[in-house]
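Colleague: Mind looking over this structure? Questions follow.
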Amino acid sequence: MTITLIATSFLLGFAFKTIISNKKNAKMKKVTGIGGVFFKSKDPNAINEWYKKHLGFDTTPYGTSFEWRQLDDSTKKGLTQWNPFKESTKYFEPSTKDFMINYRVENLEALVEELRKENVTIVDKIEASDYGKFVHIMDPEGNKIELWEPPGE
């Protein structure tokens, strides 16, 4: 009985240590896909209409959404947003670029914590809405990047 207890304790300890060790060594999955492409336009309404007429986009005043299924779980849907903004928009600031890419992520809080440790410029605080959680960062060339954790991820 004592030997069984010692062996069980040893095996449970080994299993627990292995699980903890693997979690520490596992690389955090950062970006899971492109959540959206945003760009400045002289006339967003006209550009929406052009894409609707010539390329079949189902546009609204907010552009269009492309729906797709996740590769690793086809029961889960995803969306990629395409949206022209007014040329005068301040939304892309502090970037001076005419575009911004939105990347989907799985755990925004953990990612922001890791990015801070890596001295990445975090532009604002994480904001939560019905559409999920958002935060903006800057890359080394001055491109503003939007990170998005969809709701339920």
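The values are calculated or read from the model by the stated rules, or taken from the named source; none is laboratory data. Predicted, not measured: the structure shown is a model, and the values here were computed from it. In this analysis, Cβ positions are derived from the backbone assuming ideal geometry, glycine residues included, and neighbour counts consider all displayed protein chains. In case anyone asks, the SASA skips ligands and DNA or RNA and just uses the protein heavy atoms, side chains included. Shrake-Rupley method; radii C 1.70, N 1.55, O 1.52, S 1.80 Å.
Colleague: For Pro84, what is the net charge nearby, where nearby means another residue's Cβ is under 14 Å from its Cβ and Lys, Arg count +1, Asp, Glu -1? The partial results should precede the final answer.
Modeller: Numbers: positive: Lys40, Lys42, Lys52, Lys86; negative: Asp43, Glu49, Glu87, Asp98.
Summing Lys and Arg as +1 and Asp and Glu as -1 gives 0.
Colleague: On to the next question. Past 32 Å, Cα to Cα: identify those pairs from Lys52/Lys133; Lys53/Lys144; Lys42/Lys117; Lys30/Lys86; Lys76/Lys125; Lys52/Lys125, in the order given. Mind dumping the intermediate values first?
Modeller: Numbers: Lys52/Lys133 29 Å; Lys53/Lys144 30 Å; Lys42/Lys117 39 Å; Lys30/Lys86 30 Å; Lys76/Lys125 28 Å; Lys52/Lys125 35 Å.
Lys42/Lys117; Lys52/Lys125, as the Cα separations exceed 32 Å there.
Colleague: How many percent of the accessible area of the range 68-153 is carbon or sulfur, using a 1.4 Å probe? Kindly include the intermediate steps, with their values, before the conclusion.
Modeller: Details: 2830 of 5460 Å².
The value for the range 68-153 is 52 percent carbon and sulfur by accessible area.
Colleague: For Val105, which sequence-distant residues (separation of 5 or more, or a different chain) have an amide H within less than 5 Å of its own amide H, given hydrogens modelled in the peptide plane?
Modeller: Thr32, Trp148, Glu149
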